[in-house]
Amino acid sequence: MIAYAIHWFINLGSTVFIPIIIFALGLCVRLKPSKAFLSGITIGVGFIGLNMVVNLLQTSLGPAIKLMVARYDLALSIIDLGSGPGGPLAFSSTMGVLIIPIAFGLNLILVWLGLTKTLNIDVWNLWQPTFIGLMVWGVTANYLYGVLAMVAAFLIQLLLADLTQPMVSRFFGLPDISVTHLMALAPVLLALPLNWLFDRIPGFNKIDASPEKIEKRFGVFGDPLVIGLIIGIGIGILAGYDVSKIAGLGMEMAAVLKLLPKMISMFMEALTPIAEATQEFTQKHLHGKIVNIGMDAALTVGHPAVTSTSLLMIPVALFLAVILPGNKVLPFGDLTLFVFVFTIMVSAFRGNIIRSLIGGAVYTIPMLYLSTWLAPTVTQAFQLGNYNIGSKGTVSFVSAGLWPNALMVWAGQHLGVIGIIVIIGILLGLLYYVNIIKKFNSQEKEVG
């Protein structure tokens with residue numbers, strides 16, 4: 001009965017269940033019911049608008065990418081299904097039922113103990129720890145190992161969310177909000193040292209390629225509308241479109257760059273009263289503990305630097321996939337979701353598009369190799385979840401090559417339950433060090 005209720009709730013879709021969670025959270029933190037209700041509806045409308053723009057991105061770019069692949073005879077043996085099926089697959093499994101009460105209960109305990117300052121309400125993206133659990137279950141043939149790996153992956157989400165919250169708050173203008181989307185968080189461990197290195201390269205460290213600086217320097221050609229138009233035209237040319245289709249794709253990409261920030265503004269309108277009420281509640285009832293609301297990276301993808309970088313990374317990723325020796329994954333399904341993969345990385349580079357492109361290219365290399373290595377395990381996870389992959393053979397997706405995925409699968413394969421438990425212990429220790437000893441995420445310190 002409980003499993004059925006959870007499946008029913010998840011199947012309502014993010015445009016329904018997230019507003020319900022926001023409304024309930026608002027009531028819990030003593031926000032007026034009318035304001036909590038409006039916040040819930042507003043965030044639901046924001047998700048609907050965001051989904052419309054992302055669908056426009058996918059339906060516009062999908063055929064162009066397919067033609068690019070065919071035109072340049074890009075043939076690799078592993079199909080990139082995209083991470084889209086990962087959520088339905090994860091929540092159709094028994095692990096998808098377990099993750100919600102486990103994550104919610106563990107999160108509340110850790111908040112109460114002061115080991116994390118992130119209260120995760122991003123239920124949908126719990127599919128990522130669940131998918132890791134499925135992969136570990138598959139390679140070890142032990143269900144318990146999979147559940148423990150799922151817990152470890154959730155702790156990685158909380159740790160990275162705490163570490164990046166000041167940066168996310170500053171760059172995206174999201175006070176009291178953290179991102180708990182593992183796909184977006186994973187690149188930070190590469191982005192921060194890369195940015196440190198870039199800051200120490202004479203000449204290069206003086207280049208300011210933020211959208212604001214580009215617009216100021218290049219006038220109308222630096223406007224996000226025009227940047228979107230130019231990128232769309234370029235992709236259309238690479239796809240071999242005729243003039244009318246090239247112009248159409250250019251206009252659609254201009255629309256994406258213009259509309260995404262408009263949709264994201266609705267999230268801020270919805271979350272501001274919730275965040276303020278949460279801080280008041282914690283000041284009164286949790287002895288002044290700082291609690292940030294953990295949300296989907298959808299709140300950040302509307303930044304012009306994020307969208308521009310993600311679109312420019314599409315041909316870069318295809319090029320890298322072809323020239324890298326040993327890579328077998330042909331990027332396809334995940335290309336239109338790069339806005340989620342690279343968003344926090346872009347904030348680590350302070351919106352500098354040149355740095356973001358270099359960092360994105362460097363990060364894509366291990367993603368491709370790890371997604372190739374994990375392909376049999378990913379295929380097995382789909383089979384465990386009874387997901388029909390037809391006659392596609394071995395499947396994977398580019399963002400399956402996240403380092404947390406590889407870490408937990410490797411630990412399950414080679415270290416067994418002891419290794420997974422040790423990783424959980426290390427993560428709890430890091431949470432203690434970051435939040436109790438260093439008091440890192442204390443509103444006055446920043447990353448990057």
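The values are calculated or read from the model by the stated rules, or taken from the named source; none is laboratory data. Since the structure is predicted, the reported quantities are computational estimates derived from the model, not experimental observations. Here the Cβ is made from the backbone with ideal geometry for all residues, glycine too, and neighbour counts use every protein chain on show. Ligands, DNA and RNA are stripped out before the accessible areas are found, and what is left, the full protein with its side chains, is counted by its heavy atoms. Shrake-Rupley method; radii C 1.70, N 1.55, O 1.52, S 1.80 Å.
Derived scalar couplings between HN and Hα for the range 291-307 equal 10, 9, 7, x, 10, 5, 5, 4, 5, 10, 6, x, 5, x, 5, 5, 5 Hz in order, rounded to whole Hz, by the Karplus curve 6.51 cos²θ - 1.76 cosθ + 1.60 (θ = phi - 60°), x for Gly and Pro.
Note: relative contact order over the chain, using C-alpha pairs below 8 Å and six or more positions apart, is 26 percent. Dipole of the range 1-437 computed with +1 at Lys/Arg Cβ and -1 at Asp/Glu Cβ about the Cα centre; of Phe340, Asn120, Leu430, farthest Cα towards the positive end is Leu430. If you plug the beta carbon distance of Trp196 and Ile323 into 1/(1 + (r/R0)^6) with R0 = 25 Å, you get a FRET efficiency near 0.35. For the set Lys66/Lys206; Lys213/Lys328; Lys216/Lys438; Lys35/Lys258; Lys66/Lys262; Lys213/Lys439, the pairs lying more than 31 angstrom apart at their alpha carbons are Lys66/Lys206; Lys213/Lys328; Lys216/Lys438; Lys213/Lys439. Surface composition of the chain: carbon and sulfur make up 69 percent of the accessible area, probe 1.4 Å. Applying 1/(1 + (r/R0)^6) with R0 = 22 Å to the Cβ-Cβ distance of Asp208 and Ala361 gives a FRET efficiency near 0.65. Basic side chains Lys and Arg get +1 at the Cβ, acidic Asp and Glu get -1 at the Cβ, and with that the dipole of the range 1-437 about its Cα centre reaches some 320 debye. In order along the range 172-177, the Karplus-derived 3J(HN,Hα) couplings, from 6.51 cos²θ - 1.76 cosθ + 1.60 at θ = phi - 60°, round to 9, x, 10, x, 6, 10 Hz, and Gly and Pro are given as x.
Extension gain for the segment Thr15 to His285, taken as residue separation times 0.36 nm less the Cα-Cα distance, is 94.1 nm to one decimal.
Taking label points 7 Å from Cα along the Cα-to-Cβ direction, Thr272 and Thr394 give a separation of 5.2 nm. Placing R0 at 22 angstrom, the Cβ-Cβ distance between Ile421 and Thr94 gives a FRET efficiency of 0.55 after rounding to 0.05. The H on the amide N of Gly82, modeled in the peptide plane, is under 5 Å from the matching H of Gly333, Asp334, Val398, each at least 5 residues off or on a different chain.
With the simple spin-label model, which puts each label point 7 Å out from Cα in the Cβ direction, the Val243 to Thr59 separation comes to 2.7 nm. Computed from phi, the 3J(HN,Hα) profile of the range 397-412 under the Karplus parametrisation 6.51, -1.76, 1.60 (θ = phi - 60°) reads 8, 4, 6, 5, x, 5, 4, x, 4, 5, 4, 6, 5, 4, 5, x Hz, with x in place of Gly and Pro. Within the assembled protein chains, the solvent-accessible surface assigned to His414 is about 120 Å², based on a 1.4 Å probe.
Tell me what the chain gives for mean residue ellipticity at 222 nm when only DSSP H runs of n ≥ 4 count, each as -39,500 (n - 2.57), the sum divided by the residue total, rounded to 500 deg cm²/dmol. Rounded to the nearest 500, the figure is -23000 deg cm²/dmol.
Solvent-accessible surface of the chain, taken per residue with a 1.4 Å probe and all protein chains present: 41 Å².
Not counting the cut sites, what is the longest span of the chain without trypsin sites (Lys or Arg not before Pro) that DSSP labels loop and that have at most 11 other Cβ atoms within 10 Å? Of all site-free stretches, the longest is 201-437.
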